[in-house]
């Protein structure tokens with residue numbers, strides 16, 4: 001019988017964690033912050049997927065989640081050490097997201113104002129995921145200033161934010177929710 005896998009290792013009790021490759025870094029390190037934000041984003045996408053939305057959107061979101069795990073692994077590895085082979089990202093998901101955005105946008109009324117997040121639980125979760133996605137993007141950019149981040153990861157996260165915005169609008173439309181325009185009061 002295989003050795004039991006323990007969830008706790010006690011290795012992080014002093015505020016450090018290990019990157020893939022074994023290097024110990026502070027849990028506040030930019031690299032840990034970046035993959036932690038991607039992990040939080042992945043969890044919010046799971047929350048969206050757990051609601052009553054079109055099965056096609058669920059399939060796209062599963063593919064997004066799988067690729068987010070790949071991005072997390074790529075960010076979690078020590079760039080200065082040889083690590084085991086990790087999967088890679090391709091432009092396929094970015095192209096899929098762009099096609100999905102275009103398809104959904106064709107079915108939505110054009111925007112003439114900013115819209116306020118809300119109007120339906122799914123819409124709100126999509127907007128939460130979008131804002132976490134933007135935070136993840138900012139943390140990737142900060143990491144990239146001190147240690148190179150594969151450009152495809154940054155592009156993917158940027159496009160994913162756009163997708164989540166349009167998905168919020170489309171799932172709102174599908175649910176009959178009202179979009180509330182932000183009108184500047186003078």
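Filter region 61-76 down to the residues that are in contact with a strand residue (DSSP E or B) (Cβ under 8 Å, 6 or more places away or on another chain) and crowded, with 21+ Cβ neighbours inside 10 Å and list them by number.
Here is the first cut: in region 61-76, the residues in contact with a strand residue (DSSP E or B) (Cβ under 8 Å, 6 or more places away or on another chain) are 73, 76.
Within region 61-76, 76 is the sole residue that qualifies.
Among the residues of region 161-186, count how many are within 20 Å of the chain's Cα centre (by Cα) and farther than 12 Å from residue 125 by Cβ.
7
Quick one: would you say residue 183 is at pLDDT 95 or above and either over 20 Å from residue 35 (Cα atoms) or surrounded by fewer than 17 Cβ atoms within 10 Å (Cβ to Cβ) (or both)?
So residue 183 does not fit the description; no.
Among (1) surrounded by fewer than 16 Cβ atoms within 10 Å (Cβ to Cβ); (2) at pLDDT 95 or above, which single condition is residue 90 missing?
Here residue 90 clears every test but (2).
State all residues of region 144-185 that are over 30 Å from residue 81 (Cβ atoms) and without any contact (Cβ under 8 Å) to a residue 24 or more places away in the chain; if no residue qualifies, say none.
Those that are over 30 Å from residue 81 (Cβ atoms) and without any contact (Cβ under 8 Å) to a residue 24 or more places away in the chain: 176, 184, 185.
Which of the residues spanning region 49-65 are under 21 Å from residue 99 (Cβ atoms) and more than 12 Å from the chain's Cα centre (by Cα)?
Quick first cut of region 49-65, residues under 21 Å from residue 99 (Cβ atoms) only: 49, 53-65.
Scanning region 49-65 gives 49, 53, 54, 55, 56, 57, 58, 59, 60.
Find the residue count for region 109-165, including only residues that are more than 30 Å from residue 31 (Cβ to Cβ) and in a helix (DSSP H, G or I).
Count: 4.
Quick check, is residue 82 surrounded by fewer than 18 Cβ atoms within 10 Å (Cβ to Cβ) and part of a loop (DSSP other than H, G, I, E, B)?
For residue 82, the condition - surrounded by fewer than 18 Cβ atoms within 10 Å (Cβ to Cβ) and part of a loop (DSSP other than H, G, I, E, B) - is met.
What do you reckon, is residue 32 under 19 Å from the mean Cα position of the chain (by Cα), over 30 Å from residue 179 (Cα atoms) and either exposed (fewer than 13 other Cβ atoms within 10 Å of the Cβ) or at pLDDT 95 or above (or both)? If you could, list the steps in order and put the result at the bottom.
Numbers: under 19 Å from the mean Cα position of the chain (by Cα): yes; over 30 Å from residue 179 (Cα atoms): yes; either exposed (fewer than 13 other Cβ atoms within 10 Å of the Cβ) or at pLDDT 95 or above (or both): no.
No, not satisfied.
When you scan region 122-138, how many residues do you find that are farther than 17 Å from residue 51 by Cα and either within 9 Å of the chain's Cα centre (by Cα) or surrounded by 22 or more Cβ atoms within 10 Å (Cβ to Cβ) (or both)?
Of all residues in region 122-138, those farther than 17 Å from residue 51 by Cα come to 131-138.
Next, from what is left, pick out any that are either within 9 Å of the chain's Cα centre (by Cα) or surrounded by 22 or more Cβ atoms within 10 Å (Cβ to Cβ) (or both): 132-134, 136-137.
Count: 5.
The values are calculated or read from the model by the stated rules, or taken from the named source; none is laboratory data. Fair warning: this is a prediction, and the values are worked out from it, not measured in the lab. FYI the Cβ positions are ideal-geometry reconstructions off the backbone, even for glycines, and counts take in every protein chain you see.
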